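Take a look at the structure below.
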Amino acid sequence: MRVKGWLPTALTLVFAGAAAHASTFLAMTQEELVAGSAAVVDARVVQVKSFWNREHTAILTEALVRVDETIVGEAPAFVKVRTFGGTVGRVRIEAQGFPTFANGDRLLLFLYTEPADGSVRVQGYQLGEYRIETDAAGVEVAKPMADVGMRLLRRDGKAWVAPRPIALGEIKASLRDIGERQGRRVP
């Protein structure tokens, strides 16, 4: 059996980190996330579906998201975003560090198209996924999902601290600025 695309790398990372109870990922800056993404969007999950891959060796999940705002790049009004893990029947695969989706979630997502199969994915795994919530003061905040179960390393092998929650307006302004500096389309 031969598995193509991101799955072999992902499984290697998941199993390599299993001994430490965390998956190990290479940290990415916001500049790197923007550069590797076709679009950065503020979106809401409207449907989630999990299914077995063709070989019946892994469970994948697709979330249909409605794009409410494109921050950098270009995106259609609706996008199917695929990730590893999910539940089919009584079988559940939990993939630490991979994006997760639930109906109604409002998310800030860094999206790219996987060349191997043409599916849309989240750049940087959970590093490219922020949950948008309203804090106690009524301020919309982008809460990074890169936390539980993720061990982040810089390119030099040293530990990297995951990003912290940030006001939604502030992160959007920062991402637009990065996009402009990179010569990207900024609506």
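Counting only residues that are aliphatic (A, V, I, L, M) and touching a helix residue (DSSP H, G or I) at 6+ places or on another chain (Cβ under 9 Å), which one in region 122-147 is modelled with the lowest pLDDT?
Of everything passing the filter in region 122-147, A146 is modelled with the lowest pLDDT.
Checking R106 against (1) touching a Lys or Arg at 6+ places or on another chain (Cβ under 6 Å); (2) of a type in the set (D, E, K, R); (3) loosely packed, with under 13 Cβ neighbours inside 10 Å, which test does it fail?
R106 satisfies every listed condition except (3).
Across region 152-187, which residue is modelled with the lowest pLDDT among those that are among the hydrophobic types (A, V, I, L, M, F, W, C) and assigned to a loop (DSSP other than H, G, I, E, B)? Let's see the steps before the verdict.
Filtering region 152-187 for residues among the hydrophobic types (A, V, I, L, M, F, W, C) gives 152-153, 159-162, 166-168, 171, 173, 175, 178, 186.
If we keep only those that are assigned to a loop (DSSP other than H, G, I, E, B) too, we end up with 160-162, 186.
Numbers: W160: 84, V161: 80, A162: 74, V186: 94.
Looking at residues that are among the hydrophobic types (A, V, I, L, M, F, W, C) and assigned to a loop (DSSP other than H, G, I, E, B), I get A162.
Would you say T29 is on the phi < 0 side of the Ramachandran plot, modelled with pLDDT under 80 and among the polar types (S, T, N, Q)? Quick ask: steps written out before the conclusion?
Values: on the phi < 0 side of the Ramachandran plot: yes; modelled with pLDDT under 80: no; among the polar types (S, T, N, Q): yes.
No.
If you check every pair at least six apart or on different chains, which have Cβ atoms under 8 Å apart with a residue in region 82-96 that is touching a residue at least 60 places away in the same chain (Cβ under 8 Å) first and a residue that is in a loop (DSSP other than H, G, I, E, B) and of a type in the set (A, V, I, L, M) second?
F84/A58; F84/A95; Q96/A22; Q96/V148
Would you confirm whether any residue within region 154-177 is loosely packed, with under 12 Cβ neighbours inside 10 Å, more than 16 Å from T29 (Cα to Cα) and of a type outside the set (D, E, K, R)?
No - not one qualifying residue is present in region 154-177.
Within the set of pairs 6+ apart or on separate chains, which have a first residue in region 60-78 that is within 24 Å of A35 (Cβ to Cβ) and touching a residue at least 40 places away in the same chain (Cβ under 8 Å), a second that is part of a strand (DSSP E or B) and of a type in the set (G, A, S), and C-beta atoms under 7 Å apart?
Qualifying pairs under 7 Å: V65/A43; T70/A39; V72/A39; G73/A39; E74/A39.
Which pairs have Cβ atoms under 9 Å, sit 6 or more apart or on different chains, and link a residue in region 162-185 that is more than 19 Å from L127 (Cα to Cα) to one that is part of a helix (DSSP H, G or I) and of a type in the set (A, V, I, L, M)?
Q182/V34; Q182/A35; R184/V34; R184/A35; R184/I178
Sort through R121, R154 and tell me the only one that's among the basic types (K, R), on the phi < 0 side of the Ramachandran plot and more than 17 Å from the chain's Cα centre (by Cα). Let's see the steps before the verdict.
Values: R121 fails: more than 17 Å from the chain's Cα centre (by Cα).
Step by step, each of R121, R154 is checked, and only R154 is among the basic types (K, R), on the phi < 0 side of the Ramachandran plot and more than 17 Å from the chain's Cα centre (by Cα).
The values are calculated or read from the model by the stated rules, or taken from the named source; none is laboratory data. Here the structure is a predicted model, which is why all the values come from computation and not from measurement. Here the Cβ is made from the backbone with ideal geometry for all residues, glycine too, and neighbour counts use every protein chain on show.
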